[in-house]
Amino acid sequence: MKCLVTGGAGYVGSHVVAGLLDAGHEVAVIDNLSTGYRAAIPNDIRFFQFDLLDAEAINQILANEKWDVVLHFAALSLVNESMCKPFYYLRQNYITALNLIEACAINGVKRFVFSSTAALFGGKERFSLIPDDARVEASSPYGESKFLIERALVWADQIYGMRSASLRYFNAAGADPLGRLGEEHTPETHLIPLAVDTVLGLRRNLKIFGNDYPTRDGTCIRDYIHVTDLAEAHIRVIELLDHRSVTYNLGNGLGFTNMEVVQAVERVSGRKLPWDWAPRRKGDPSMLVADSTLIRWETGWSPRYSSIDVIVETALQWRKKHPHGYEKLVNECDLYNSILI
Ligand code: UFG
């Protein structure tokens, strides 16, 4: 299939691009490189650098060529930042997605895959697995912006027949098991890459936010899903889109506390991880764990890297090999080739 991927230079997007290419699909990427890295995209695929606020540019790409599927990852994604800049997040994420969805709909794209989020469930405390049909209660403008986009896709289906999959990711983590790609955010706010950097001595010490949550050890519980498993799920859902639109939770179905993640990092690295308690981080729900039975049942997908140790191991390997991430590569595009050396 001929696939157009927005945000293909970002963490999840680049792993999906790799998965699509490995499965034999043709891929082109759109990215403004505001948070993504050119080195995360293979040299030999087409790359368009522009912002999706530019409706004319996106329309041209969709009008000039026929695409079998469009996958949309490009977005602002820092939950905390969205609490400080709510209208910026709502505007940027919604308008860029609307530009893309409209261009797809009017140019006859029939399949669309959307990177949604479990953050649209974070507004309510839950102590059991979150079912696919759970009521949406976003805990941040970031989560809300993703829900608005899901709604736009409902209308694109009803009025233009553009089928879509909205995949509500839980906590994407880990790195490409072949070592081609990894997680690199500036600033980094996620637990696993911060813990990995700390255990490797790239940061001084890890703060664990909150020890008084109503969980088994007082720390928050999250559902970590390996980014390669996420990528695989995208490829599976594309096949369903000939018939109907779908919305799925996408997680492991396994919850780990923050302390269990600390222990996994120590176990896998064989080193002591220096950490301290810090107060609760605003907006963190106690527990977010997916009931992902629907996507498993309907697509046959199941996670291959569900063990927290494997997730941590791949993140650790990536960081050991690239302690400065993508930025310090001499030639940005050498990364894909580096595994051949
Ligand atoms: N945490 C720490 N110390 C840190 C960083 C994080 O204790 O330095 C804790 C957080 O408080 C939370 C847990 O680790 O309890 C996980 O936090 P992350 O920042 O790694 O991830 P979040 O669960 O906050 O958010 C992620 C994505 C969201 C997505 C959500 C869905 O960033 O986009 O998962 O579950 F919506």
In whole Hz, what ³J(HN,Hα) sequence does segment 233-240 give by Karplus (6.51, -1.76, 1.60; θ = phi - 60°), x for Gly and Pro?
4, 4, 5, 5, 6, 3, 5, 6
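Under a Cβ-Cβ cut-off of 15 Å, what is the net charge of the residues other than Ile159 that fall near it, where Lys and Arg count +1 and Asp and Glu count -1?
Working: positive: Lys110, Arg151, Arg163; negative: Glu102, Asp157.
Net of charged neighbours comes to +1.
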Count charges around Ala138 for me, please; just the other residues with Cβ under 13 Å from its Cβ, Lys/Arg as +1, Asp/Glu as -1.
+2
Qualifying chymotrypsin sites (Phe, Trp or Tyr not before Pro) for segment 239-312 [loop in DSSP, other Cβ within 10 Å: at most 12]:
none
I need the peptides 236-242, 263-269 ranked by packing, meaning the mean over residues of other C-beta atoms within 10 angstrom, with the highest value on top.
263-269, 236-242
Tell me, what HN-Hα J-couplings in whole Hz come from the Karplus equation 6.51 cos²θ - 1.76 cosθ + 1.60 at θ = phi - 60° for each residue of segment 93-104, using x for Gly and Pro?
5, 6, 5, 4, 5, 5, 4, 5, 5, 5, 4, 5
Using a simple charge model, +1 on the beta-carbon of Lys and Arg, -1 on the beta-carbon of Asp and Glu, nothing else, what dipole does segment 2-338 show about its Cα centre, in debye to the nearest 20?
560
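Express the carbon and sulfur contribution to the solvent-accessible surface of segment 2-338 as a percent, rounded to the nearest whole number, probe 1.4 angstrom. The partial results should precede the final answer.
Values: 7300 of 14220 Å².
Taking all protein chains in place, segment 2-338 shows 51 percent carbon and sulfur surface.
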Enumerate the amide H contacts of Val5 below 5 Å, restricted to partners 5 or more residues apart or on another chain; note that Pro and chain-start residues carry no placed amide H.
Ala28, Val29, Ile30, Leu71
Any idea of the accessible area per residue across the chain, 1.4 Å probe, to the nearest Å²?
43
Exactly which GluC sites (Glu not before Pro) in segment 1-98 are in a DSSP loop and have at most 13 other Cβ atoms within 10 Å?
Glu65
Calculated P(r) of segment 134-228 - Cα pairs past 19 Å, %:
63
Over the Cα atoms of the chain, each weighted equally, I'd like the Debye log10 I(q)/I(0) at q = 0.10, 0.12 Å⁻¹, rounded to two decimals.
-0.56, -0.83
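The values are calculated or read from the model by the stated rules, or taken from the named source; none is laboratory data. Because the structure is a prediction, the values reported are computed rather than measured. Every residue, glycine among them, receives a Cβ derived from its backbone with ideal geometry; neighbour counts consider all protein chains shown. When the accessible area is computed, the model is the full protein with side chains, heavy atoms only, and any ligands, DNA or RNA have been set aside. Shrake-Rupley method; radii C 1.70, N 1.55, O 1.52, S 1.80 Å.
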